[in-house]
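Structure first, then comments.
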Amino acid sequence: MKRRKFLTAASLATAGMLIPVGLNSWVAKGIAQPTNRKRLVVIFLRGAIDGLNVVIPHQEADYYKARPTLAIPYPQEKNGAIDLDGFFGLHPDLQDLMPLWKKGNLAFIHASGSSADTRSHFDAQDYMESGTPGVKSTSDGWMNRLLGQLPKERPTQALNVGTSTPRILKGMMPIANLNPGKNSTVAIPTDHAHINKAFSSLYDGDDLLSKAYQEGHQAREIILKELGQEMMYASRGASIASSFVDDAAEVAKLMEGDAKTQLAFMEIGGWDSHINQQLIFKKYLPDLGRGLATLVKGLDSIYPDTTIVVMSEFGRTVKENGNNGTDHGHGNVMFLLGGSIRGGKVYGEWQGLGESALYEGRDLPVTTDFREAIALILQQHLSISDDRLAKIFPGYQLTGNINFMA
């Protein structure tokens, strides 16, 4: 990277602008605090996954009436739902999650989502990532604000798996970035000794830019050290089922190892199923299940201290359309995994799928605000006090209507 380009990028830095120190690692200036070791992973399914075909209300007659071709068959039938509690069932392509359900550390919240009524993917994602539904002016994300309320550790304390920083992590606090897929530890210019030496000499001062470079370089070194062994293993021909499965293994390694990653964000796209939804599910759902199972297995000894949240911007219409798909909806399903989760249960107020119970006569309503679920995790898992919680989700008050924490 040329010095001029680096400085051009740096000149754009304001509070919350990330300064690039390589293709895979980024950093912004943070504040020193004491230590805390509880962990949180947020996985965003972009495109609006159809929650009604993920956690299936197989005892709801209106479900089968509304979806004559897309409905997942009853449990015990061919390709049928895997029964969860006698009313709800899990999509058969997520069978890798059933051991977690049976162990009692996997739960779901149905009819959950954002209070904003938009059907725009971009607006809905922004609202859920900013944590302020309906307010477009919020510039930072709730995970970055959360990081500001936690004791500060290493520059890899908060990790984004992606090629650019998502809204949920934008803000004033330091974020490390990991390229998704197999190339997460591919060499970048500053990995070369002579370039590294030149940049280290150039940015060895106490000014903001130099400190940002130093912290970013440290994050890069930590990631390379932690993932180097796995990279060598993969280069010997290890089979990688998908990018998500591979990424999940790396996130687990960084959380469990010396990187001390406490917050992580991952995303999976491709869930917008207006057409041929069955093919989309067949392509992506098995990898989602395997990736989550891989993440849990990789966390190993720290899994009891980790909570995993899987969410999407909104659900799909209850009725299928004429293209073997579903259109933009409202309420959806959230996944909750971890040692602090009181699992083996589907939470949320289920009002049925009769037309009078539907949002605008067509969608699953939102009976649990996504902030209620996340705020409960922050409060009980990460020990965030009420006054600090108000800084993360401004204007939102916990209702106490749901409690899935053990």
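The values are calculated or read from the model by the stated rules, or taken from the named source; none is laboratory data. Source: prediction; values computed, not measured. Because the Cβ atoms are built from the backbone with ideal geometry, glycine has one as well, and the counts that use them run over all protein chains shown.
Given the structure, is Asn24 buried (at least 16 other Cβ atoms within 10 Å of the Cβ) and at pLDDT below 95?
yes
Residue by residue through the stretch 61-85, note down the ones that are more than 18 Å from Gln277 (Cβ to Cβ), hydrophobic (A, V, I, L, M, F, W, C) and touching a residue at least 12 places away in the same chain (Cβ under 8 Å).
Those that are more than 18 Å from Gln277 (Cβ to Cβ), hydrophobic (A, V, I, L, M, F, W, C) and touching a residue at least 12 places away in the same chain (Cβ under 8 Å): Ile82, Leu84.
Any idea how many residues of the stretch 346-364 are in contact with a Lys or Arg (Cβ under 9 Å, 6 or more places away or on another chain), surrounded by 17 or more Cβ atoms within 10 Å (Cβ to Cβ) and assigned to a loop (DSSP other than H, G, I, E, B)?
2
Can you tell me which residue is surrounded by the fewest Cβ atoms within 10 Å (Cβ to Cβ) among those in the stretch 148-167 that are within 18 Å of Ile384 (Cα to Cα) and aliphatic (A, V, I, L, M)?
Leu150
Given the condition within 21 Å of Val42 (Cα to Cα), out of contact with any helix residue (DSSP H, G or I) (no Cβ under 6 Å at 6 or more places or on another chain) and among the acidic types (Asp, Glu), answer yes or no: does some residue in the stretch 355-372 qualify?
Yes.
Taking the stretch 62-107 as the region of interest, how many residues are over 18 Å from Arg290 (Cβ atoms) and either in a strand (DSSP E or B) or of a type in the set (Val, Ile, Thr) (or both)?
Total meeting the criteria: 6.
Looking at this structure, is Ser164 over 28 Å from Arg316 (Cβ atoms) and without any contact (Cβ under 8 Å) to a residue 24 or more places away in the chain?
no
Name the single residue that is nearest to Glu313 (Cα to Cα) among those in the stretch 140-157 being touching a strand residue (DSSP E or B) at 6+ places or on another chain (Cβ under 6 Å) and at pLDDT below 95.
Thr156
Just to be sure, is Arg145 surrounded by 20 or more Cβ atoms within 10 Å (Cβ to Cβ) and of a type in the set (Lys, Arg)?
When the stated conditions are applied, Arg145 passes them.
Please verify whether the stretch 191-200 includes one or more residues that are hydroxyl-bearing (Ser, Thr, Tyr), assigned to a loop (DSSP other than H, G, I, E, B) and modelled with pLDDT under 95.
No, there is no match, as no residue in the stretch 191-200 is hydroxyl-bearing (Ser, Thr, Tyr), assigned to a loop (DSSP other than H, G, I, E, B) and modelled with pLDDT under 95.
Just need a number here: residues in the stretch 320-345 that are within 18 Å of Ala71 (Cβ to Cβ) and buried (at least 19 other Cβ atoms within 10 Å of the Cβ).
7
Output the number of residues of the stretch 142-161 satisfying the condition of being in a loop (DSSP other than H, G, I, E, B) and more than 24 Å from Gly181 (Cα to Cα).
Summing the residues that are in a loop (DSSP other than H, G, I, E, B) and more than 24 Å from Gly181 (Cα to Cα) in the stretch 142-161 gives 5.
Residue-by-condition table, conditions (1) part of a helix (DSSP H, G or I); (2) not aliphatic (A, V, I, L, M):
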position	(1), (2)
Ile308	no, no
Val366	no, no
Arg371	yes, yes
Asp387	yes, yes
Ala390	yes, no
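Considering only residues that are in a helix (DSSP H, G or I) and acidic (Asp, Glu), which ones fall in the stretch 117-133?
If the condition is that a residue be in a helix (DSSP H, G or I) and acidic (Asp, Glu), then Asp123, Asp126, Glu129 are the ones that fit.
Output the residue which, of all residues in the stretch 299-317 that are of a type in the set (Val, Ile, Thr) and buried (at least 20 other Cβ atoms within 10 Å of the Cβ), is nearest to Phe44 (Cα to Cα).
Val310
Do you know which residues across the stretch 300-341 are hydrophobic (A, V, I, L, M, F, W, C) and under 16 Å from the mean Cα position of the chain (by Cα)?
Ile308, Val309, Val310, Met311, Phe314, Val333, Met334, Phe335, Leu336, Leu337
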